[in-house]
Amino acid sequence: MNDFTWEFMKDRVRKLAFKGLRIDRRGPLDYRPIRIETNIYHHADGSAFVDLGGTKVAAGVKMEIGSPFPDTPNQGAIMTDAELLPIANPTFEPGPPDENAIELARVVDRGIRESNAIDLESLVIEEGKYVWLVFTDLRVLDDNGNLFDAASLAAITALATARIPKVEYEGEEPKIVRGEYEGRLQLSEIPLLTTFVKIGTAIFSDPSMPEMKAADARISVATVDDGSITAVQKGAEGSFTKQELSLVFERAIDRGRYLRDIVKKVI
C-alpha cells in the first residue's frame, strides 16, 4: 500500500476502535487463524513454520558443540537471531540485522531464557570443556502484523521438536554424528508471547498490520503454564495506565494458555 492508502486505513481503524470494533470484525481478544507445521528443514535439528493470519515465520534449530562461558562452566547456552527478509515487507532491507530484527530476536529469546524452559546444565557434555550451544534462527517470510507472537510460536515449536545429535569421540574431542540422534531437547515450559496494541482507549490482541500502523502503544508479554509472566516488551510511543497494564497481564495469561493448547497439539 502507498502512504495515502495507509493513512486512510489507519483513520478507519481508529474510528472503529473508538466504538470497540476491529477492521476484520474480530473480538478484542480473538486471534487470527493459526497454522503450524513442523520438520520443515531437513538438515535442522528442529524446525517449524507458522502462519498467523498471513504473518509467516520459519524457525530452525541447530545444535553445535562449543565451549562454555567462563562464568558458567556447568551450563550450555541458547541463542536466537532473526532475519526480516525483504520479500516479507517493502520496508525490510537486505543486509545486516537492523534494530527491528534485533528487537524481535531479543524479545523471543528473553521469553524463553527467563522462563528457564531449557535446563542449561543439561546441555553440558564435559563440564568446563564442552557444551551444547542451541541456535534458533528465525526467518520472517511475510509480515501481516504481530511478528512477535508468530516468531515466538515458531521458535518454541522448533525447540520443542528438536533432537540432540549423537556424539562420538575422536581422541579426547567430541564430534557430532550428523543424521543420528540421542534424544529430544527437553523443555520444562512452553513460554509464549502474546502481543497487544492500544488504539485510543481500545486494547486488542494479535494486531493485524493496519492495527499495528494505527497503534498508540504496543506491548508483548511472555507467559508460562502456571500463569507466571517471564518477560515484557513495550513498543511504540504511547503509554499504558496501571489499570490497562493489569488488564493486559490478565489477558496475556488467558491468551498464552490458548496459544499453548495449539502448540501442544502439534508437538
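Every read-out reported here was derived from the displayed coordinates using simple, explicitly stated rules and does not represent laboratory data. Quick caveat, the model's predicted, so the values are computed rather than measured. Please note: Cβ atoms are built from the backbone with ideal geometry, for glycine as well, and neighbour counts cover all protein chains shown.
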Quick test of the membrane-span-like rule: which DSSP H helices of the chain reach at least 15 Å along their long axis (C-alpha atoms) with mean Kyte hydropathy at least 0.0?
147-160
Determine the gain in length on full extension of the stretch Asn39-Leu133; use 0.36 nm per residue of separation and subtract their C-alpha separation, reporting nm with one decimal.
31.9 nm
Which links in Lys166/Lys234; Lys56/Lys234; Lys56/Lys213; Lys10/Lys56; Lys166/Lys265 stretch past 30 Å when you go from one Cα to the other?
Lys166/Lys234
Looking at the chain, send over the antiparallel percent of its DSSP beta bridges, to the nearest 5.
85
Full extension from Ser228 to Thr5: what is 0.36 nm times the residue separation minus their Cα-Cα distance, to one decimal in nm?
76.2 nm
Can you put Ser228, Ser220, Ser152 in order, fewest other beta carbons within 10 Å first?
Ser228, Ser220, Ser152
Could you list, in their original order, any pairs among Lys62/Lys198; Lys19/Lys242; Lys175/Lys264 whose Cα atoms are separated by more than 31 Å?
Lys62/Lys198; Lys175/Lys264
Given the DSSP H assignment, sum -39500 (n - 2.57) over each helix run of at least 4 residues in the chain and divide by its residue total; what's the result at 222 nm in deg cm²/dmol, nearest 500?
-9500 deg cm²/dmol
Multiplying the sequence separation of Lys265 and Glu180 by 0.36 nm and subtracting their Cα-Cα distance, what value in nm do you get?
28.0 nm
Using Cα pairs closer than 8 Å and at least 6 residues apart in sequence, work out the relative contact order for the chain, in percent.
21
Span from the region 54-118 Cα centroid across to the region 132-197 one, whole angstrom:
10
Rank the residues Lys213, Lys265 as a footprinting-exposure proxy: fewest other Cβ atoms within 10 Å of their Cβ go first.
Lys265, Lys213
Order of Phe49, Phe92 - criterion: other Cβ atoms within 10 Å of each residue's Cβ, fewest first:
Phe92, Phe49
